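The values are calculated or read from the model by the stated rules, or taken from the named source; none is laboratory data. On a predicted model such as this, the values are computed, not experimentally measured, just so you know. Note that each Cβ is placed from the backbone with ideal geometry, even for glycine, and that neighbours are counted across all protein chains shown.
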Amino acid sequence: MPHSYPALSAEQKKELSDIALRIVAPGKGILAADESVGSMAKRLSQIGVENTEENRRLYRQVLFSADDRVKKCIGGVIFFHETLYQKDDNGVPFVRTIQDKGIVVGIKVDKGVVPLAGTDGETTTQGLDGLSERCAQYKKDGADFAKWRCVLKISERTPSALAILENANVLACYASICQQNGIVPIVEPEILPDGDHDLKRCQYVTEKVLAAVYKALSDHHVYLEGTLLKPNMVTPGHACPIKYTPEEIAMATVTALRRTVPPAVPGVTFLSGGQSEEEASLNLNAINRCPLPRPWALTFSYGRALQASALNAWRGQRDNAGAATEEFIKRAEVNGLAAQGKYEGSGEDGGAAAQSLYIANHAY
Amino acid sequence: MAHRFPALTQEQKKELSEIAHSIVANGKGILAADESVGTMGNRLQRIKVENTEENRRQFREILFSVDSSINQSIGGVILFHETLYQKDSQGKLFRNILKEKGIVVGIKLDQGGAPLAGTNKETTIQGLDGLSERCAQYKKDGVDFGKWRAVLRIADQCPSSLAIQENANALARYASICQQNGLVPIVEPEVIPDGDHDLEHCQYVTEKVLAAVYKALNDHHVYLEGTLLKPNMVTAGHACTKKYTPEQVAMATVTALHRTVPAAVPGICFLSGGMSEEDATLNLNAINLCPLPKPWKLSFSYGRALQASALAAWDGKAANKKATQEAFMKRAVANCQAAKGQYIHTGSSGAASTQSLFTACYTY
């Protein structure tokens, strides 16, 4: 083995590690507001609003004008490229508004999925070309972290070894480039919930995927203490007839993470996928109450699960902005509590159910 | 990806997990008394005792017949094949003596090194042939854990990727086979201290090796909660001119582990390599005081570092039995304290020297 050629200096490592820790400080998580123009089209069409740049700006303004109550529960906001350069009605750049609240600014840097030939509809993610220069520019423009989403799916023959390997590799390349430019990479290997597979199958696949991701990160000399992981929770497929409780989901999720995510990773910020706002909060809460030892922060990086009610309350009307912002703040606070296992929920049983399921579940 | 085919049932997992936890509970560690005939020859020659089966039996008898309170410090003993079937002078099997003291019995399973052609004198380890049948027999004969030592060295072009990959793979095969037969596998990927490399280089290599080991274990469907790791501490090479303190060794060691060893692994039992008894204890203590997150037990699996004084006290004479047992008990108790970060040693400069070195070390 050749002598090691350090990828990062001590100062670079400290900067990355400090940023990561600020984002996942106790009780804090991430607002994923990085919907692409195409994704925003879907969201806005659901409330009958036209997908124009101005409407997208107005909508993000609703979220970003939240008052200081979000300071204690939001550690980072992920932006889409367009939004990074937008301003509010008073001409104040959104980036500045967020930074002034002590929240870290992040940027989506991938360029979407492309097919892997010879597979059953599997994909990899593009965006590596010129990534270093883009990161350098984003860093100057106020971003301190980035996000890159890879997608895997469960079916009879998927995810294939190629899909796992290729996506893990591309995530590691992206992560390495980010760190070279002072940007903390959020590594997102999402396994979609589409399908009728059960909880155990999802757990098995999640473990295989995460093991490959961490081997790739090691091979690419990525500094784990300066990264965050954004995985799916371990859940059954949408079409699975068996129903599971938040405690079962929590146990399967934490078990999978304990078997694959090194303790050096400061935080795991779950994606919400197709979960409802309440489900996403209840599951996160159960995860933080899981009796297994958990050496990383376990928090949220939610898009829909933080914004659904706000979007609905806004409906494109300026007059509704205040009420919409309140809806967002409410979900942010709930998830801040869930990230500490302190969310009491809206009328579920709590304690006893959690206890009995734990004993039955040691076999994951 | 194919449907998953569970490698182990719920009952098998529970049994393995309980064995692993009981070995490292409450600061307990392992006595590595599995020296092969040849290695015992080296030890006995130093005290001018003839290397006969009877002499080997006598020395082990003295160790195993020590007072039962040894079970507060020693959770497991690794035996060599010959010793598993030996008896004390009253005709009682050693393994029963140990079991009655509540100590778990383990067995060395590898069959030594074999060269890897085309490398700079690197090796892999033999012993997979008929391993399943051997494990089944050992389990019947009272054994509950196995040990397999892979060896990597740091030198020009070493460890090569072939050596890392091949040894990781052999370790994973061995671990899988053990678990199929109810034995907890101790996974030992030793990076030997020979050479003049510095602490940072050893850390780099150790991280690469451990990342490969855990990827291989995952690929082979090994149940991490039912394994133990026996790694080298991260130290400079023997011929390195720079000297490091226990705190520096501890920081480098725990950093390497927390970047590679999943939290699901219940315990890490360090080998002592060529360290003196006192250094092995001081380093283990510093490791347990290291401020980084340490979700696994950090304990010992010492051979020489538990037996050197005892061997010298014995000197081949039955009359020295009490002195021998006292010397052994003393090291066992000291290491148990070190495994809890509670070892108080005489003659060090104490708090001040520990303090200043910690600040300098955060950049690993």
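Details
- Odd one out for B:THR255, checked against (1) in contact with a Phe, Trp or Tyr (Cβ under 7 Å, 6 or more places away or on another chain); (2) under 19 Å from B:GLY146 (Cα atoms); (3) within 9 Å of another protein chain (Cβ to nearest Cβ): (2)
- The residues of the stretch A:287-313 that are in a helix (DSSP H, G or I) and surrounded by 24 or more Cβ atoms within 10 Å (Cβ to Cβ), listed by number, are A:ILE287, A:ALA305, A:LEU306, A:GLN307, A:ALA310.
- In the set (1) more than 21 Å from the chain's Cα centre (by Cα); (2) within 9 Å of chain A (Cβ to nearest Cβ), B:ASP196 fails one condition alone, (2).
- The listed residues are B:HIS238, B:HIS201, B:HIS221, and the only one of them that is surrounded by fewer than 20 Cβ atoms within 10 Å (Cβ to Cβ), within 11 Å of another protein chain (Cβ to nearest Cβ) and outside any helix (DSSP H, G or I) turns out to be B:HIS221.
- Any hit, the stretch A:264-285, residues being out of contact with any Lys or Arg (no Cβ under 8 Å at 6 or more places or on another chain), more than 10 Å from chain B (Cβ to nearest Cβ), within 15 Å of A:PRO189 (Cβ to Cβ) and modelled with pLDDT under 95: yes
- Applying a threshold of 6 Å to beta carbon distances and a minimum spacing of six or more residues, or different chains, the list of pairs starting in the stretch A:142-161 at a residue that is facing another protein chain (nearest Cβ under 9 Å) and ending at one that is surrounded by 18 or more Cβ atoms within 10 Å (Cβ to Cβ) and in a strand (DSSP E or B) reads A:PRO159/A:LEU152.
- Meeting the requirement of 1 or more residues that are small (Gly, Ala, Ser) and at pLDDT 95 or above, the helices (runs of 4 or more DSSP H) wholly within the stretch B:261-364 are B:277-289, B:304-314, B:321-338.
- Filtered residue count, the stretch B:71-91, keeping only those that are out of contact with any Gly (no Cβ under 9 Å at 6 or more places or on another chain) and farther than 26 Å from B:GLY41 by Cβ: 2
- Out of B:LYS28, B:LYS121, B:LYS48, B:LYS87, one residue alone is among the basic types (Lys, Arg), surrounded by fewer than 15 Cβ atoms within 10 Å (Cβ to Cβ) and touching a strand residue (DSSP E or B) at 6+ places or on another chain (Cβ under 6 Å). It is B:LYS87.
- Residue in the stretch A:200-208 that is aromatic (Phe, Trp, Tyr) and either assigned to a loop (DSSP other than H, G, I, E, B) or buried (at least 24 other Cβ atoms within 10 Å of the Cβ) (or both) present: no
- Near pairs, Cβ below 6 angstrom, 6+ apart or cross-chain, from the stretch B:263-287 (within 14 Å of chain A (Cβ to nearest Cβ)) to any residue that is among the basic types (Lys, Arg): B:ALA263/A:ARG258; B:ALA264/A:ARG258; B:ALA264/A:ARG259; B:GLY267/B:LYS297
- Scanning the stretch A:8-45 for residues that are within 12 Å of another protein chain (Cβ to nearest Cβ) and free of Cβ contacts under 8 Å to residues at least 12 places away in the same chain gives A:SER9, A:ALA10, A:GLU11, A:LYS14, A:ASP18.
- Tally of residues being at the interface with chain B (Cβ under 10 Å from one of its Cβ atoms), of a type outside the set (Lys, Arg) and in contact with a Lys or Arg (Cβ under 8 Å, 6 or more places away or on another chain) across the stretch A:215-236: 4
- Considering only residues in the stretch A:147-173 that are within 20 Å of the chain's Cα centre (by Cα) and part of a loop (DSSP other than H, G, I, E, B), the one that is farthest from A:VAL205 (Cα to Cα) turns out to be A:LYS153.
- Number of positions in the stretch A:182-204 that are within 10 Å of chain B (Cβ to nearest Cβ) and either over 30 Å from A:LEU21 (Cβ atoms) or hydroxyl-bearing (Ser, Thr, Tyr) (or both): 4
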